[in-house]
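What follows is a single structure, written as structure tokens, with notes after it.
Coordinate-derived values only; no laboratory data. As the structure is a computational prediction, the values presented were derived from the model and not from experiment. Cβ placement follows ideal geometry from the backbone for every residue including glycine, while neighbour counts extend to all protein chains displayed.
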Amino acid sequence: MAGKIKWGVIGSGGIAKRRTIPEGISQARNAELSIVFDIDEQVNAEAAEKFGAVQAASIEELLNADIDAVYVATPACLHTEQVRACAQAGKHVLCEKPLGMTTAEAEEMIELCKRAGVKLGCAFMMRFVAQHREALRLVREGKLGKPTYARAQLSCWYPPIEGAWRQDPATGGGGALIDMGGHCIDLLEMFFGKVFRVSCFINNTIHDYKSEDSAVVMLFFENGAMGTVDTFFCIPDNSSKNVLELYGSKGSILANGTIGQGPAGQMKAFLEEDSEDYDAQQVRTEAHDMVIAPEAVNTYQAEIEEFSRAVIDDREPLINGELGLRSQKVLTACYESARTGMVVDIG
């Protein structure tokens, strides 16, 4: 397959309308938007007019159109049935995270797409942030030394909203943890490898909706490092700096604002060439700081271009269904830990 991949979108409001269509599909050099569907007809009509797409009256109409791939951006509770429909129609699928509601649903989606011979991707677009890619290079080259500790923070103010699917575990699978903490855990696994054990607390600290508005997770990595993720729906937006911290035996990589939907953020590395002797004074200076500021990347454009290229080249997407399944396994262990008060191993 060559040229541009023709895309359809199921769930044309929300993140699709705000980010993925205007910044991703519309900007991608190897993709074009053809048709959109949303259960809200007015929202769908507005999206179709704004982005120059055909307005589908149903998912069936969208899947019968001349398209190659579908971006699914609906509530998590709808992912399995919609991915199934896409696979049965022979359409490649990029599904928003979380990949369904449970590990079983993620496994089902992977099997459905495998049997149908279509690609399945999961939308962890923060892996494409330019500073994250540069930090990953430094970690892989051993510049950080042996990994010791990592922290990722993503929080916002999300007050009760009638009908908000993320505020009810029946439609979103959970709250702050699965919605935002999922991104954080995925990033830390990208940097430090797989987590094998977790301990988690969740709470409704401020808001009284059914999903948790607060979550803190302790992570134990297979390589011996430890980490934490803190994610809240009850901290004002400007008060949470979306911190990323990576520490190792040779230094640290510290960032503010690189975790999130936009490209803004600052990152510095504090790296030592050689291990130093013990310093009883524990003097700290800025002498070894290195600003990490590669050319900014439109993460949504990069996400769409990478998946489109995988379709064109007939290869596995870099961010595939297996990563979505992996995320579900870790999140399942986190929620079990929160429920039981126990440390939980990841199977």
If every Lys and Arg gets +1 and every Asp and Glu gets -1 at its Cβ, then about the Cα centre the chain yields a dipole, in debye to the nearest 20, of 360
Between region 11-54 and region 225-256, what's the alpha-carbon centroid distance in Å? 32
Spatial separation of Cα centroids for region 324-341 and region 58-79, in angstrom: 28
Amide H of Val243: which non-local residues (sequence gap of 5 or more, or other chain) have their own amide H closer than 5 Å, using H built in the peptide plane? Gln153, Gly257
Degrees, to the nearest 10: 130-140 long Cα axis against longest axis of the chain: 50
Estimated [θ] at 222 nm from DSSP helical runs (n ≥ 4, -39500 (n - 2.57)) normalised by residues in the chain, nearest 500: -9000 deg cm²/dmol
By what distance, in whole Å, do the Cα atoms of region 195-347 stretch along each of the three principal axes, largest value first? 49, 47, 35
I'd like the Karplus ³J(HN,Hα) series for region 69-78: coefficients 6.51, -1.76, 1.60, θ = phi - 60°, whole numbers in Hz, and an x wherever there's a Gly or Pro. 9, 10, 9, 9, 10, 9, x, 4, 5, 9
Listed by chain and number, the residues whose amide H is under 5 Å from that of Ser252, excluding neighbours fewer than 5 places away on the same chain and using placed H, are Phe270, Leu271
Calc'd 3J(HN,Hα), region 40-57, phi into Karplus 6.51 cos²θ - 1.76 cosθ + 1.60 (θ = phi - 60°), Hz, glycine/Pro = x, comes to 8, 4, 5, 4, 5, 4, 5, 5, 4, 5, 5, 10, x, 10, 6, 9, 7, 8
Pairs of alpha-carbon atoms within less than 8 angstrom and 6+ residues apart define the contacts here; what relative contact order does the chain have, in percent? 20
Counting Lys and Arg as +1 and Asp and Glu as -1 over every other residue whose Cβ sits under 12 Å from the Cβ of Ala47, the net charge comes to -2
Region 41-129, relative contact order [Cα under 8 Å, separation at least 6], %: 24
Report, by chain and number, residues whose modeled amide H sits under 5 Å from the one on Lys97, excluding near sequence neighbours (fewer than 5 apart, same chain). Ala123
State whether the chain is rounded, prolate or oblate according to the following rule on the C-alpha gyration tensor (a ≥ b ≥ c being the square roots of its eigenvalues): a/c under 1.5 gives rounded; otherwise a/b larger than b/c gives prolate, and the remaining case gives oblate. prolate
Computed E for Ala45/Lys146 - FRET, C-beta separation, R0 45 angstrom, nearest 0.05: 0.20
Kirkwood Rh in Å, taken over all unlike Cα pairs in region 120-223: 15.3
What ranking of Thr340, Thr20 emerges when the number of other C-beta atoms within 10 Å of each C-beta is taken as an exposure proxy, fewest first? Thr340, Thr20
Go through the chain and flag any cysteine with no other cysteine's C-beta closer than 4.7 Å, please. Cys77, Cys86, Cys95, Cys113, Cys122, Cys156, Cys184, Cys234
For region 238-252, Karplus couplings with θ = phi - 60° (6.51, -1.76, 1.60), whole Hz, Gly/Pro x: 6, 8, 9, 8, 6, 6, 10, 10, 10, 10, x, 5, 10, x, 8
Once you have a ≥ b ≥ c as the square roots of the Cα gyration tensor eigenvalues for region 47-132, tell me rounded if a/c is under 1.5, and otherwise prolate or oblate according to whether a/b is larger than b/c. oblate
Please compute the length gained on full extension between Lys4 and Ile312, using 0.36 nm multiplied by the number of residues separating them and subtracting their Cα-Cα distance. 110.0 nm
Whole percent per 10 Å bin, from 0 to the bin with the longest distance: what is P(r) over all C-alpha pairs of region 1-81? 20, 57, 22, 1
Can you check what the Kirkwood hydrodynamic radius comes to for region 1-150, Cα pairs only, in Å to one decimal? 16.4
Mind checking the angle between helix 79-88 and the chain's longest principal axis? C-alpha axes, 0 to 90 degrees, to the nearest 10. 50
In straight Cα distance, which lysines are under 17 Å from Lys143, not counting same-chain residues fewer than 8 positions off? Lys250, Lys268
Any idea what angle helix 103-116 forms with the longest principal axis of the chain, computed on alpha-carbon atoms, 0 to 90 degrees, nearest 10? 50
Please arrange Met226, Met180, Met126 by how many other C-beta atoms lie within 10 Å of their C-beta, fewest to most. Met226, Met126, Met180
